[in-house]
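What follows is a single structure, written as structure tokens, with notes after it.
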Amino acid sequence: MTELSDLGPSSVGVLPNQLLAAAVSAGWIEAGDYRIAEDDIQPASLDLRLGEVAYRIRCSFLPHDETVERKVKDFIVDELDLRREGAVLETNRPYLIPLLERVHLPPFVSARANPKSSTGRLDVFTRVITDHSYRFDDISTGYDGPLYLEVVPLSFAVRVRQGLSLNQLRLSIGGAAAAVSDEELWSMHSDDPILFRDGRPATRSEFATDDGLFLSLDLRGDDVGRVGWRARGNAGLLDMSGIGTHRVADFWEEVRRETGDRVVLDPERFYLLLSDEAVRVPPQLASEMTAYDPTSGELRTHYAGFFDPGFGHGLDGSRAALEVRAHDVPFMIEHGQRVCRLTFERMVAAPTKLYGGAGLRSSYQGQMETLGKHFARS
């Protein structure tokens, strides 16, 4: 069994849950007086938690050669207390929140952050900022310092509290060497299927790759033609700590297909749709959703990107929630249109717990619905 002491510059891959727990014990990740609980550790990621204050800022920024604490002083408009009842974050305003966790990474370990799936499904935009950084969400090898989360609610005003988790962190070693090539991915799929169509493993012609595995839209939907949901304008306040407590109709409108299995997206409206394919992430791999064609200016897929080992495992895969927004003009999408792709990385070692396994809060295993866990199921 791989131990934390076995890891070094020659190691390659994403750290699994048991090594993340060891990294916490070794002080690579700490939260001061706040304990990092076992429940915060997922098969290939760690949930990060909001600190006690949120700064409303007048613009987003990167610190470049300064600390975030120094840089943000020029942009603070207001300070909100996230303790006890928390605070309301208004739509289309950026907030910067110091996270409870800090990292002290060895010189061969880097990290990457992503919104949690439930965060992305609420159209809450998040990204991590670190000191002396020129990039969002990527944490350089050997970084030693605090973590900050930029939060921008886009569709709904939301209430957040200290300790709430909106995003996740992965630790990895080896950088690009951990990536799985398209040829390797097809070989793995041939032995243990990764992509499914209509309940069967995808054929070679259906297994479309180009630096990642493509996913397309399901715009046939259910028996009544419902293909997803569109965020309501001027909806009420959504409490992000409330699980299963919000009425769907207060926040969402049904989206139904047109003749020809297509939908015309209204510009700047947020849609939740499903992938036509189902995905199964094997225990030895971790996955992330990335852009397919960022040069297409009319359409943007808003990603909550991490797929942990075990997603869709024990099933004929699980379909992916696709968070979509059109820009500038109405934009037509069609059934089977490719809108994103999954990239895969090796794990340093197989995790001892899998997404959807016993004792894990796996809200979206086997999902046939795109709405997040905050909404009551009738």
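Residues that are in a loop (DSSP other than H, G, I, E, B) and open to solvent by less than 30 Å² (accessible area, probe 1.4 Å) were ranked within region 236-256; the one that is nearest to Thr290 (Cα to Cα) is Met240.
Which members of region 313-333 meet the condition of being under 16 Å from the mean Cα position of the chain (by Cα) and open to solvent by less than 30 Å² (accessible area, probe 1.4 Å)? Those that are under 16 Å from the mean Cα position of the chain (by Cα) and open to solvent by less than 30 Å² (accessible area, probe 1.4 Å): Ser318, Ala320, Ala321, Leu322, Glu323, Val324. Considering region 264-276, the residues that are open to solvent by 10 Å² or more (accessible area, probe 1.4 Å) and touching a Phe, Trp or Tyr at 6+ places or on another chain (Cβ under 8 Å) include one that is farthest from Phe196 (Cα to Cα), namely Pro267. Give the number of residues within region 130-149 that are under 26 Å from Ala321 (Cβ atoms) and surrounded by 21 or more Cβ atoms within 10 Å (Cβ to Cβ). Total satisfying the criteria: 3. Of all residues in region 91-119, those that are over 16 Å from Arg49 (Cα atoms) and either at pLDDT below 95 or among the hydroxyl-bearing types (Ser, Thr, Tyr) (or both) total 2. Give me the pairs: first residue in region 203-220 and under 11 Å from Asp182 (Cβ atoms), second residue in a loop (DSSP other than H, G, I, E, B) and open to solvent by 10 Å² or more (accessible area, probe 1.4 Å), beta-carbon distance under 6 Å, and six or more apart or on different chains, which are they? Taking only residues 6 or more apart or on different chains, the pairs are Phe214/Ala208. The number of residues in region 161-191 that are open to solvent by 40 Å² or more (accessible area, probe 1.4 Å) and more than 16 Å from Glu345 (Cα to Cα) comes to 4.
Going through region 305-336 one residue at a time, which ones are assigned to a strand (DSSP E or B) and of a type in the set (Val, Ile, Thr)? If the condition is that a residue be assigned to a strand (DSSP E or B) and of a type in the set (Val, Ile, Thr), then Val324, Ile333 are the ones that fit. Among the residues of region 215-235, those that are assigned to a loop (DSSP other than H, G, I, E, B) and either surrounded by 15 or more Cβ atoms within 10 Å (Cβ to Cβ) or aliphatic (A, V, I, L, M) (or both) comprise Asp218, Leu219, Gly221, Val224, Gly225, Arg232, Ala235.
The values are calculated or read from the model by the stated rules, or taken from the named source; none is laboratory data. Just so we're clear, the structure is a prediction, and the values are computed from it rather than from any experiment. No Cβ is skipped: glycine too gets one built from the backbone with ideal geometry, and neighbour counts run over all protein chains shown. Side chains are part of the model used for accessible areas, which takes the heavy atoms of the whole protein and leaves out ligands, DNA and RNA. Shrake-Rupley method; radii C 1.70, N 1.55, O 1.52, S 1.80 Å.
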